[in-house]
Amino acid sequence: MELKITDLTKEFGDFTAVNHLDITMGNGVYGLLGVNGAGKTTLMRMLCTLLRPTGGEITYNGKEIFKMDGEYRKILGYLPQDFGFYPEFTVHDYLIYIAAIKGIRPAVAKKRVKDLIDRVGLSKAANKKMKKLSGGMKRRAGIAQAMLNNPKVLVLDEPTAGLDPNERVRFRNLISELAEERLVLLSTHIVSDVEYIANDILLMKDGMLIHRGTVWELTDSMSENVWKCHVQKKEASQLMKEYKVSNVKSGANGIELRIISENKPIQDAVLEETNLEDVFLYYFGEKAGEQNAEV
């Protein structure tokens, strides 16, 4: 299987939301990482044929997805940031209703809905009204509706937004289970959502793909860019103005800073092991500046 994005561009008037993207993906979990406004949602809406590109094309196994029309949507599952539902429907009835919209035969839909309710951990809530579900349960119901047609391409836009840490872990484990023999594209600005489950991470900024690789490849490319410094409060404030600082820890003997820099920030700084959060800060973070550098 191959989903290929070639010279993809989307403009809204004078604003370019997606800027000449080239990406090729196969089976596995892909993490699309970037700050809000990077163009992630616009890209995903084009991948789901909800927006037409200004230029370029998207192909699935060599066929242009907009020309495939219903043939492509049969192999597509999509969970948007905010998915619609009838609040008075129970989880079971909601999924049966969505299955009917997707053209799934009633006998098949009944079995598929039961299996998915079990798989996403909603068995005890199957007869609960959608409006009574917690945020995490609603997202699990959202995953179930995206999986009803057993899609080959599963697109998830900010799926863990608003969830507590326990629900995020549960959700990540679920995504890992669902990723067998399909392509899963997971968009987020939360680093931990993709750090442990993504085979490939795509860094997107200002509508462009600025870096791509496995977690190891991304962190290894910055193996000499993360420093630990022990300084006094006054010096810490000055360093925060000059450098990107990923962590500040106060102690009895001063301040410990974790600094992202290509150059050694101070004489006594020592190299630290790089993690994906450091990579995110390196590409997307900002220095504290004059107004926010107090500790």
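The values are calculated or read from the model by the stated rules, or taken from the named source; none is laboratory data. Quantities reported herein were computed from a predicted structural model and do not represent experimental measurements. As a convention, Cβ positions derive from the backbone with ideal geometry for all residues, glycine included, and neighbour counts pool all protein chains shown. Remember, those area values only see protein heavy atoms, side chains included, never the ligands or the DNA or RNA. Shrake-Rupley method; radii C 1.70, N 1.55, O 1.52, S 1.80 Å.
What part of the accessible area of the chain, given as a whole %, is carbon or sulfur when the probe is 1.4 angstrom?
In the chain, the share of accessible area belonging to carbon and sulfur is 47 percent.
Tell me which lysines have Cα within less than 27 Å of Lys63's Cα, excluding those fewer than 8 residues away on the same chain?
The qualifying lysines are Lys4, Lys10, Lys40, Lys74, Lys102, Lys152.
Considering only Asp268, Asp278, Asp157, give the residue with the highest GNM mean-square fluctuation for the chain, with springs between Cα atoms whenever their separation is below 10 Å.
Result for the chain, Cα springs under 10 Å: Asp268 fluctuates most.
How long are the semi-axes of the equivalent ellipsoid of the range 135-279, defined as square roots of 5 times the Cα gyration tensor eigenvalues? Whole Å, largest first.
Values for the range 135-279, descending: 37, 17, 12 Å.
So, in the range 179-250, how many Lys pairs have Cα atoms under 22 Å apart, if the pair is 8 or more places apart or on different chains?
Final tally of qualifying lysine pairs is 10.
If you place +1 on the Cβ of every Lys and Arg and -1 on the Cβ of every Asp and Glu, how big does the dipole about the Cα centre of the range 165-295 come out, in debye to the nearest 20?
Dipole magnitude for the range 165-295 comes out near 400 debye.
Would you mind listing how long the chain runs along its three principal axes, going by Cα atoms, in whole Å with the largest first?
So the extents along the principal axes, rounded to whole Å, are 70, 45, 34.
His189: accessible area at probe 1.4 Å, nearest 10 Å²?
70 Å²
If you take every DSSP beta bridge whose two residues both sit in the chain, what share of them, in percent to the nearest 5, is antiparallel?
65 percent
At 1.4 Å probe size, what's the solvent-accessible area of Ile260? Round to the nearest 10 Å².
Solvent-accessible area, nearest 10 Å²: 10 Å².
Students sometimes get this wrong: rank Lys74, Lys129 by accessible area, probe 1.4 Å, all chains present, largest first.
Listed by decreasing accessible area, they come as Lys74, Lys129.
With every protein chain in place, what's the accessible area of Val248 (1.4 Å probe, Å², nearest 10)?
Only protein atoms counted, so the area is about 60 Å².
Full extension from Glu57 to Lys241: what is 0.36 nm times the residue separation minus their Cα-Cα distance, to one decimal in nm?
Extra length available between Glu57 and Lys241 comes to 61.9 nm.
Normalised by the residues of the chain, what does the relative contact order come to in percent, with Cα pairs under 8 Å and at least six apart?
21 percent
Could you name the aspartates and glutamates whose alpha carbon sits less than 14 Å from that of Lys110, not counting residues in the same chain fewer than 8 places away?
Straight-line reach from Lys110, under 14 Å: Asp93, Asp118.
Taking the Cα centre of the chain as origin, work out the dipole magnitude from +1 charges on Lys and Arg Cβ and -1 charges on Asp and Glu Cβ, in debye rounded to 20.
So the dipole magnitude of the chain works out to roughly 1780 debye.
Taking all pairs of distinct Cα atoms, average 1/r, flip it, and tell me the Kirkwood hydrodynamic radius of the range 64-179 in Å to one decimal place.
Taking the inverse mean of 1/r over all distinct Cα pairs, the range 64-179 comes out at 14.5 Å.
With the dipole of the range 71-224 worked out from charges on the C-beta (+1 for Lys and Arg, -1 for Asp and Glu) around the Cα centre, which of Ile117, Thr90, Leu202 lies farthest toward the positive end?
Farthest towards the positive end: Thr90.
Given springs between every Cα pair under 10 Å in a Gaussian network model of the chain, which of Leu183, Leu209, Leu133 has the largest fluctuation?
Highest fluctuation among the options: Leu133.
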